[in-house]
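The values are calculated or read from the model by the stated rules, or taken from the named source; none is laboratory data. Because the structure is predicted, anything quoted here is derived from the model rather than measured. Cβ atoms come from the backbone with ideal geometry, glycine included; neighbour counts cover every protein chain shown.
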Amino acid sequence: MDAVGVPNQGDQNLSSLISNNAQGWNLVGNPFASSISWASVYVASGGAASGLYDFVEMYDYSIGDWSGYTSADGIEIGSGQGFWVYGLPAATSLNLIVPESSKTTASNSSIKASEKVQPYFTLKISSNANNFSHTFKVDAKENASDEFDSADLPFRASPNKATPALYSTINSAKVNLNTFNSENKTHSMPLTIKVNAIGNFAITAAGFSYMEEYECIQLEDKLKNQFINLTTQNVYEFEMFRLEDSKRFVLHFFKDKDCKQSVENEEVLVYEVENTVEVLPYNGGNLLNFNYSENTQVVVTVFNLLGQDIVKESNLTVERQSEIIQLPDTYKGLYFIKIASDKGSVVKKFVKR
């Protein structure tokens, strides 16, 4: 890039450009023609007294998402680089000062910063189809609450529509850094996952040293009724569709390294699904055989590769009985049947020729 005009000199006060309204995020830019040090900017702004969280995010084209950094990372913000700062909700005033002394002599020509190790436990969701990924962060502190507070950071979606998303929700707020109270012996965190196309994805866990108190960390896949012990298997690969249930994952933390509670739950759920629902091809559609011990509410959905319903969703009360799903005569190709209840869910794949 070529820059023209008179370069800025002297301390630059950007405080009037930021606020902690809405979700507290503010997009600003490096006002200098040289790179600047975020650590120097944060100190000059007043540090913790600035009303800002010690955290900036910059778009990284190589992953198609935002990368986040603190002053401890020693990162530089390139000339012309836009970056996000977060105003704490409880702050009465916000200060953002970019001093002349924050200029660096490094030659940073890339409009992004190099990726650093995040000082949190992280879950990275990535697609096998491209290099785009998103990283969700978790922390546990003594003085943190389980509610949304200044230790949490809101989620912002990537401008790249092909980038998958993974976040939690606290009090209806989408959260990308979820900090809970470390006094909890166990903690469960429902996750939301969103993708924009059918495909194979992976969730990779890292940063276990930042959650040493929790000797067992599990990822629950409610759709598959599986519990993955991330402390022994840090990568979970799965298939997902664009309009599939976005609430299928839950993250569990246990100070008991044996994960006894979740293992017992897993065995019960797997048994329930495998022994109560049978799905078979049948005369242009499917036959559903139910074998529940009592009346159970189930939801049956039939959808194609794009997640679009092929037949109208059915809400049934079943026990020991059979139901027929009839597909439209004109439909041909791959389709999926999902049966969901409070006892678990199952998805089956079929082809109509």
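Going through (1) under 24 Å from ASP54 (Cβ atoms); (2) part of a loop (DSSP other than H, G, I, E, B) one by one, ASN184 falls short only on (1). Scanning the stretch 297-316 for residues that are surrounded by fewer than 17 Cβ atoms within 10 Å (Cβ to Cβ) and either in contact with a strand residue (DSSP E or B) (Cβ under 8 Å, 6 or more places away or on another chain) or among the acidic types (Asp, Glu) (or both) yields a total of 9. Where strands (runs of 3 or more DSSP E) fall wholly inside the stretch 2-89, the ranges with 3 or more residues that are closer than 24 Å to PHE136 by Cβ, hydrophobic (A, V, I, L, M, F, W, C) and out of contact with any Lys or Arg (no Cβ under 8 Å at 6 or more places or on another chain) are 52-60. Looking only at residues that are of a type outside the set (Ser, Thr, Tyr) and modelled with pLDDT under 90 in the stretch 282-294, which one is surrounded by the fewest Cβ atoms within 10 Å (Cβ to Cβ)? Per the criteria, the residue is GLU294.
The condition (being in a strand (DSSP E or B) and more than 30 Å from ALA197 (Cβ to Cβ)) is satisfied by just one residue among VAL346, VAL311, VAL298, VAL318: VAL318.
Would you call GLY307 at pLDDT below 90 and either touching a Pro at 6+ places or on another chain (Cβ under 6 Å) or not assigned by TED's automatic domain parsing to the domain that holds LEU166 (or both)? It is true that GLY307 is at pLDDT below 90 and either touching a Pro at 6+ places or on another chain (Cβ under 6 Å) or not assigned by TED's automatic domain parsing to the domain that holds LEU166 (or both). From the list ALA140, ALA144, the one residue that fits, being in the same structural domain as GLU237 (by TED's automatic domain parsing) and modelled with pLDDT under 90, is ALA144. Could you say whether any residue in the stretch 15-25 is buried (at least 18 other Cβ atoms within 10 Å of the Cβ), under 17 Å from ASN95 (Cβ atoms), modelled with pLDDT of 90 or more and over 25 Å from the mean Cα position of the chain (by Cα)? Taking every residue of the stretch 15-25 in turn, at least one turns out to be buried (at least 18 other Cβ atoms within 10 Å of the Cβ), under 17 Å from ASN95 (Cβ atoms), modelled with pLDDT of 90 or more and over 25 Å from the mean Cα position of the chain (by Cα).
What number of residues in the stretch 144-196 are of a type in the set (D, E, K, R) and in contact with a strand residue (DSSP E or B) (Cβ under 7 Å, 6 or more places away or on another chain)? Don't jump to the end; show me each part of the working.
So the first thing to find is which residues in the stretch 144-196 are of a type in the set (D, E, K, R), and the list is 146-147, 149, 152, 156, 161, 174, 183, 185, 194.
Next cut, in contact with a strand residue (DSSP E or B) (Cβ under 7 Å, 6 or more places away or on another chain) only: 146-147, 152, 156, 174, 194.
Of the residues in that region, 6 qualify.
For first residues located in the stretch 325-353 and polar (S, T, N, Q), partners that are crowded, with 18+ Cβ neighbours inside 10 Å and part of a strand (DSSP E or B) and lie 6+ apart or on another chain with Cβ distances below 8 Å form the pairs GLN326/GLY285; SER341/VAL298; SER345/LYS338; SER345/ILE339.
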